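Encoded as structure tokens, the structure appears first; notes follow it.
The values are calculated or read from the model by the stated rules, or taken from the named source; none is laboratory data. Quick caveat, the model's predicted, so the values are computed rather than measured. All Cβ positions, glycine included, derive from the backbone under ideal geometry; neighbour counts span all protein chains shown. The accessibility values were calculated without ligands, DNA or RNA, using every heavy atom of the protein model including side chains. Shrake-Rupley method; radii C 1.70, N 1.55, O 1.52, S 1.80 Å.
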Amino acid sequence: MYIDIKPLWTTIKNNIIEKISTLNKTITLAAVTLKPDDATQNYLKNQEKLAKKLGINYSVYEAINRNQLFSILRELSSDNNVHGIFVTHPLPGIEEMEAVNMISPEKDVEGRHPYNMGMLMYGSEFFAPCTAEAVVKILEDITKLSGANVVVVGRSTTVGKPLAIMLLRRDRSATVTVCHTRTRNLQQITRNADIVIAAAGKINLITSDMVKENSIVVDVGINVTDNGIVGDVNPEVSEKALVTPVPGGVGRITTIILMEHVVKAAEKLKLT
Ligand SMILES: NC(=O)c1ccc[n+]([C@@H]2O[C@H](COP(=O)([O-])OP(=O)(O)OC[C@H]3O[C@@H](n4cnc5c(N)ncnc54)[C@H](OP(=O)(O)O)[C@@H]3O)[C@@H](O)[C@H]2O)c1
């Protein structure tokens, strides 16, 4: 069966709208990009649509080279009218760390800055990486994590690693195994899991014979095919387990969490 993400999305959206109404000021999200490809432009358009729906002011800054990108990021970081900064990834010819280091941690609504990443180690998730937070919120909404045997497939800095840290936090206390391309017997590991999180970017990586009956499978993967976007999980898995859909699953919650972070940034900047 597929998990219906809409109620969680609606709860987060309503919470954002309520907070914006009490803040009583214009909240601004700036998106910064460099030579965006079609997929990135499409993503930015969808982001803009959602921001407008929520009443968040949204602007895109398109740099033409590395120097201009860095100077835009510095300017936006010191602009008091900008509350959150989103940078598209990957940036051609630029290491992710170089770009995120240019952003003020207080405006790093994607939770990629080393400060915000470091805070995760101490259990503080003021700005956790949005996709990792989306997975945690989806799971907390439908199950108890304490003691659950969770397998994360993927160890990237944006998804797998922060997610593992978040799942280990004492108030969640999952038992976490992280797998990657050097993992031996992936099937044997996932088959024993109560929860499998597929974040590898490989079509059909998780098949029915790899999951336990009635387990939960969160599909983070986004793979572009001629027939549209598909995840990492083979559709047949939904006959055996509870699965998040792609599209309209983790990605949808990730984008609304980004907007929630912008509002949090605006609230915090108001207080300091
Ligand atoms: N839904 C969303 O909002 C959202 C957000 C971000 C990303 N994504 C999607 O999530 C997927 C992962 O993104 P990412 O940025 O984490 O990707 P990434 O940086 O490419 O990392 C992929 C990870 O998966 C592991 N992996 C790849 N193939 C594997 C295999 N056959 N068996 C086991 N592990 C394997 C890799 O292992 P090694 O470390 O050994 O190479 C790596 O750790 C992509 O499809 C991406 O588009 C979705």
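Of the residues that sit in segment 213-240 and are hydrophobic (A, V, I, L, M, F, W, C), free of Cβ contacts under 8 Å to residues at least 60 places away in the same chain and under 20 Å from N149 (Cα atoms), which one is nearest to the ligand (Cβ to nearest atom)? Ranking the qualifying residues of segment 213-240, first place goes to V233. State yes or no: is E75 under 28 Å from I138 (Cβ atoms), open to solvent by 80 Å² or more (accessible area, probe 1.4 Å) and free of Cβ contacts under 8 Å to residues at least 12 places away in the same chain? So E75 fails the test. Do the conditions hold for D171, that is, is it open to solvent by 40 Å² or more (accessible area, probe 1.4 Å), more than 10 Å from the ligand (Cβ to nearest atom), of a type in the set (D, E) and within 30 Å of N42 (Cα to Cα)? No. Residues of segment 162-212 that are within 22 Å of E125 (Cα to Cα) and of a type in the set (D, E, K, R): R169, R170, D171, R172. When you scan segment 251-258, do you find a residue that is surrounded by 15 or more Cβ atoms within 10 Å (Cβ to Cβ) and either more than 14 Å from the chain's Cα centre (by Cα) or part of a loop (DSSP other than H, G, I, E, B) (or both), even just one? No: segment 251-258 contains no residue that is surrounded by 15 or more Cβ atoms within 10 Å (Cβ to Cβ) and either more than 14 Å from the chain's Cα centre (by Cα) or part of a loop (DSSP other than H, G, I, E, B) (or both).
Any idea which residue in segment 112-163 is surrounded by the most Cβ atoms within 10 Å (Cβ to Cβ), counting only those that are within 12 Å of the ligand (Cβ to nearest atom) and farther than 18 Å from A200 by Cα? It comes out as R112. Taken together, L44, L29, L23 contain a single residue that is surrounded by 11 or more Cβ atoms within 10 Å (Cβ to Cβ) and either among the aromatic types (F, W, Y) or touching a Lys or Arg at 6+ places or on another chain (Cβ under 8 Å) (or both), which is L23. Can we say T183 is within 9 Å of the ligand (Cβ to nearest atom), in contact (Cβ under 8 Å) with a residue 40 or more places away in the chain, surrounded by 14 or more Cβ atoms within 10 Å (Cβ to Cβ) and of a type in the set (S, T, N, Q)? In short, no.
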